[in-house]
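Peer 1: To start, I am sharing the structure in question, which I have written as structure tokens.
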Amino acid sequence: MADAPVPLTDAEIEAALREVPGWRRAGDEITRSYAIRYHGGVAMIVHVADVERLIGHHADIDLRWGRVRFGITTHDAGHRLTAADFDLAARIDAIARTHGAEPLED
């Protein structure tokens, strides 16, 4: 059985946020939104979902006309932030770039 993910301290979260510019902390979640045409957003979400399946970590995703929002927390750590969340955020940023999604300021 795998060890439970270890939640980060506030200081560790602040340091990790500096490594993924544009992501914001909202309680025990990090979030980021991108501007992208609807069908491009669908393709981007499928790409993200493929990566999530491989790494075993998933974001909450909200697709709207012209935008997609990601919210990440570690459910297995009591909905707290872990290193896995920041790893996924960096992966989503890279995927967003390949799909031409533009980061939005929320």
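Peer 1: Does Ala26 count as open to solvent by 30 Å² or more (accessible area, probe 1.4 Å), aliphatic (A, V, I, L, M) and over 14 Å from the mean Cα position of the chain (by Cα)?
Peer 2: no
Peer 1: Determine whether Arg91 is without any contact (Cβ under 8 Å) to a residue 24 or more places away in the chain, out of contact with any Leu (no Cβ under 8 Å at 6 or more places or on another chain), open to solvent by 60 Å² or more (accessible area, probe 1.4 Å) and assigned to a helix (DSSP H, G or I).
Peer 2: Here the answer is no, as Arg91 does not meet what is asked.
Peer 1: Among the residues of region 56-106, write down those that are among the β-branched types (Val, Ile, Thr) and under 17 Å from Gly27 (Cβ atoms).
Peer 2: Ile72, Thr73, Thr74, Thr82
Peer 1: Among the candidates Gly41, Gly78, single out the residue that is under 17 Å from Ala96 (Cβ atoms), open to solvent by less than 80 Å² (accessible area, probe 1.4 Å), in contact (Cβ under 8 Å) with a residue 60 or more places away in the chain and out of contact with any Cys (no Cβ under 9 Å at 6 or more places or on another chain).
Peer 2: Answer to the selection: Gly41.
Peer 1: When you scan region 44-61, how many residues do you find that are closer than 23 Å to Arg80 by Cβ and open to solvent by less than 20 Å² (accessible area, probe 1.4 Å)?
Peer 2: Of the residues in that region, 3 qualify.
Peer 1: Now for a separate question. Looking at region 5-38, which of its residues are part of a strand (DSSP E or B) and touching a residue at least 60 places away in the same chain (Cβ under 8 Å)?
Peer 2: Arg24, Thr31, Arg32, Ser33, Tyr34, Ala35
The values are calculated or read from the model by the stated rules, or taken from the named source; none is laboratory data. These numbers come from a predicted model, not from an experiment. No Cβ is skipped: glycine too gets one built from the backbone with ideal geometry, and neighbour counts run over all protein chains shown. The area values use the complete protein model at the heavy-atom level, side chains included, leaving out ligands, DNA and RNA. Shrake-Rupley method; radii C 1.70, N 1.55, O 1.52, S 1.80 Å.
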